[in-house]
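Heads up, the thing below is written out as structure tokens.
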């Protein structure tokens, strides 16, 4: 039998559980609670608490914080809270349930071991089926590590799922599906050349938060967009979560990535929580003060406003909630050394307490102006599920945005849609129409063509329609407007000409993405042609459908090499990573325009030809020793012979031709040879890039690239 620990009044700050050598201070916010108790457990899965500590309003409450100090309590002790107060769901939104165990919203580590979502949705005691928090000793040897400061224009982001990156047996890691497993794959990330990983949600989320029909199929929440504990790393990604090692394991990952020169961006979900709608589970916020934390209907407060499609919307601009969110972000930067955040459905955070769209949302400006976050990358998914679309108009200046307009135009252009040249040119030069008038920069545009939500890149050219039957929702879920092209046959085929076209189209997308101004983002697995067999909504597929099959790295080694070389090409051209918009003006170092547009003939872009699908441009180097680039994109079905510009004292060398087979499809500088001609025939559905060089290469024999 465990001893009972002595208690003192405690302090209201900091919130959560704070361990020191003398014991633990516990503090939790609840404005409307009338009765509070703290329950202590010996482990994450024991049946009953070994000590229950009732708090007294007169001595354990300061303003709206309930607090107690437990002397000599060791780190590693598990705990929950229980609260009681008014229940007037319709009139006031209060939903206190005395018997429900509540997670501490500030908990640094939580356990799902005994969690049962259905039990938390029903009235009554859930002692044996609740989640639990653990007291964490915050000591850690960072070995001098600090958040990285990689300039945004130099960033190349790689979006990945921590679990799915190493869960496939072919990953051959010691700890598959964990933070530790990802550490083992860092050499691969280095060889690829990316600068940042963007981790799908790694804050603790509810894996049971999926529709009932989906649960019946044995599926679960895989992506993680169902957060409940915003300060805790997800226990499912830890080797030993029952020992409360969450913080240490995540820090080990960040430190290892930083040692490799790779930054860490977290995908965070502050627009909604795992507590879902009115009939959802009681986990923490609903039982502590849902009236404060969520948007409620003006007249019937039992109804939760849903701007997210997930049952509830966080009332992010309430002063207390805004402070909670900002404090959480500052914690992940200060204590976990994270380098940036991508905010899921960020436009939901631009809504006021009655759902109205605010011109200057306090929480978003608070994040932008927070001193601890001043060097942190901030990326918004600038829309919500209720129709608010803010790409190009998201509040603030420092926020970058997932550029959905870039994605759509590139998809359409590559599949061969006509009449897009002008907008396509605007997108690949940084989307000045969206950002320049506000005084924003090309780095405000996060350019992507694929992400976790939608088709993989290979599927984008293998399927015209989504195929989500495995999700258990009769193929109703997922987006139906994918702007995809199956190259002639839906799904798998053995017809070589179609397979070759699909591979070429994938190379075209990688080329355009990495030749564009702005910040490129790649989806993990695209570089080895990962397929989900037409499923464009794998949110519940924690299986081989979603996991990265590392055998594909060998099977598609030519595509992997192509992506590595494309990233290297981008990195050797500062002109592709400009911080300011192109103007068509003179580059002083080269005494030439920064960009010149062409069509089949020089200086004659086909802006006004509705049938045209060919665009070329010359990009001047901006550093003294940087080569110029001449880029040609032919998305018609027929070859075209293109006139090349003449630059005094220079010769063009072929760097890229996506119609050629590896290794001639992309050629590093040391293997390039001068073309020796003023015309170049660009095949249909092909991207070409030329780099120029000086007179020394005039005497190097030309090679036939076939």
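The values are calculated or read from the model by the stated rules, or taken from the named source; none is laboratory data. Quick caveat, the model's predicted, so the values are computed rather than measured. So basically every Cβ, Gly included, is an ideal-geometry build from the backbone, and we count neighbours across all protein chains shown.
Taken together, the residues in region 465-479 that are part of a loop (DSSP other than H, G, I, E, B) and surrounded by 21 or more Cβ atoms within 10 Å (Cβ to Cβ) amount to 2. In summary, strands (runs of 3 or more DSSP E) completely within region 571-669 and bearing 3 or more residues that are at pLDDT 95 or above and more than 30 Å from residue 497 (Cα to Cα) occur at 595-598. Please work out if residue 486 is at pLDDT 95 or above and either assigned to a helix (DSSP H, G or I) or surrounded by fewer than 18 Cβ atoms within 10 Å (Cβ to Cβ) (or both). When the stated conditions are applied, residue 486 does not pass them.
Among residues of region 646-662 being farther than 16 Å from residue 510 by Cα and within 40 Å of the chain's Cα centre (by Cα), the one that is surrounded by the most Cβ atoms within 10 Å (Cβ to Cβ) is 652. Hey, can you tell me all the residues within region 505-515 that are part of a helix (DSSP H, G or I) and in contact with a strand residue (DSSP E or B) (Cβ under 7 Å, 6 or more places away or on another chain)? Scanning region 505-515 gives 508, 511, 512, 513, 514. Among the residues of region 689-705, none qualifies, meaning not one is surrounded by fewer than 19 Cβ atoms within 10 Å (Cβ to Cβ) and at pLDDT 95 or above. In summary, residue 103 fulfils each of the numbered conditions (1) closer than 30 Å to residue 264 by Cα; (2) buried (at least 21 other Cβ atoms within 10 Å of the Cβ); (3) in contact with a helix residue (DSSP H, G or I) (Cβ under 8 Å, 6 or more places away or on another chain) with the single exception of condition (3).
If you check residue 291 against the conditions, is it part of a helix (DSSP H, G or I) and either in contact with a strand residue (DSSP E or B) (Cβ under 8 Å, 6 or more places away or on another chain) or within 19 Å of residue 346 (Cα to Cα) (or both)? It would help to see each step written out before you state the result.
Values: part of a helix (DSSP H, G or I): yes; either in contact with a strand residue (DSSP E or B) (Cβ under 8 Å, 6 or more places away or on another chain) or within 19 Å of residue 346 (Cα to Cα) (or both): yes.
Judged against the criteria, residue 291 is a match.
Taking every residue in region 352-369 that is under 17 Å from residue 386 (Cβ atoms) and pairing it with any residue that is exposed (fewer than 12 other Cβ atoms within 10 Å of the Cβ), at least 6 positions away or on another chain, the pairs with Cβ-Cβ distances below 9 Å are 354/298; 355/298.
Any chance region 110-117 includes a residue that's surrounded by fewer than 17 Cβ atoms within 10 Å (Cβ to Cβ) and in contact (Cβ under 8 Å) with a residue 12 or more places away in the chain? Looking through region 110-117, at least one residue is surrounded by fewer than 17 Cβ atoms within 10 Å (Cβ to Cβ) and in contact (Cβ under 8 Å) with a residue 12 or more places away in the chain.
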